[in-house]
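Asks: Handing you a structure now.
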Amino acid sequence: MAFDITWRSHGVVIRYKGIMSLDILIRGSKALFDDERYRTCLYQIGNFEDADFSRMSIAQIQKIAIANAGQSRAFPDIPTAIVTKSAIGEAMVFHYRNVADAHDMKWNVQRLQSMEAARKWRDEILSSAGMDPDS
């Protein structure tokens with residue numbers, strides 16, 4: 001499978017791998033949004049460290065950004081980190097954020113360069129919510 005989902009006690013990590021397509025991103029997003037646990041998430045991390053964006057177009061990123069902006073209005077309080085260290089991934093995240101913001105995205109989307117940075121980001125969110133990051 002092109003993605004796997006790890007549910008944590010207060011959030012979720014979805015790891016994408018291989019060649020990305022609009023269909024894969026839609027299926028991954030749908031798997032998150034359709035799960036009851038999503039409603040209680042304090043954070044979400046999209047890990048694209050092992051993802052290849054070379055076959056994705058700007059138009060495809062625009063479609064997923066618009067869809068996610070709509071979803072963010074149903075669940076507006078979920079901080080989001082997108083982890084990618086590739087130049088093309090960084091460009092895709094930049095475009096995603098611009099389009100999503102233009103469509104009233106409610107999530108605070110951060111681009112981070114490693115899962116280590118994402119874990120620190122997650123720990124800050126949990127600590128600020130009065131949660132133990134180690135639980």
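Just so you know, all these numbers are worked out from the coordinates, no wet-lab data involved. Given the structure is predicted, the values throughout are model-derived calculations rather than measurements. Counting neighbours? That spans all protein chains shown, and the Cβs are built from the backbone with ideal geometry, glycine included.
Asks: What are the residue pairs meeting all of these: first residue in the range 85-97, first residue over 13 Å from Asp52 (Cα atoms), second residue surrounded by 14 or more Cβ atoms within 10 Å (Cβ to Cβ) and among the small types (Gly, Ala, Ser), Cβ atoms under 7 Å, and 6 or more apart or on different chains?
Replies: From the range 85-97, the pairs are Tyr96/Ala65.
Asks: While we're here: Would you check which residues across the range 45-72 are assigned to a helix (DSSP H, G or I), within 25 Å of Gly11 (Cα to Cα) and β-branched (Val, Ile, Thr) and list them?
Replies: Ile61, Ile64, Ile66
Asks: While we're on this one: Of all residues in the range 73-96, count the ones that are part of a helix (DSSP H, G or I) and more than 15 Å from Leu25 (Cβ to Cβ).
Replies: 6
Asks: With more than 16 Å from Phe3 (Cβ to Cβ), surrounded by 13 or more Cβ atoms within 10 Å (Cβ to Cβ) and not β-branched (Val, Ile, Thr) as the only criterion, which of Leu32, Leu126 stands out?
Replies: Leu126
Asks: Evaluate the range 35-42: report whether one residue or more is closer than 19 Å to Arg97 by Cα and under 15 Å from the mean Cα position of the chain (by Cα).
Replies: no
Asks: Can you tell me which residues in the range 20-44 are of a type in the set (Ser, Thr, Tyr), assigned to a helix (DSSP H, G or I) and under 21 Å from Gly89 (Cβ atoms)?
Replies: Ser29
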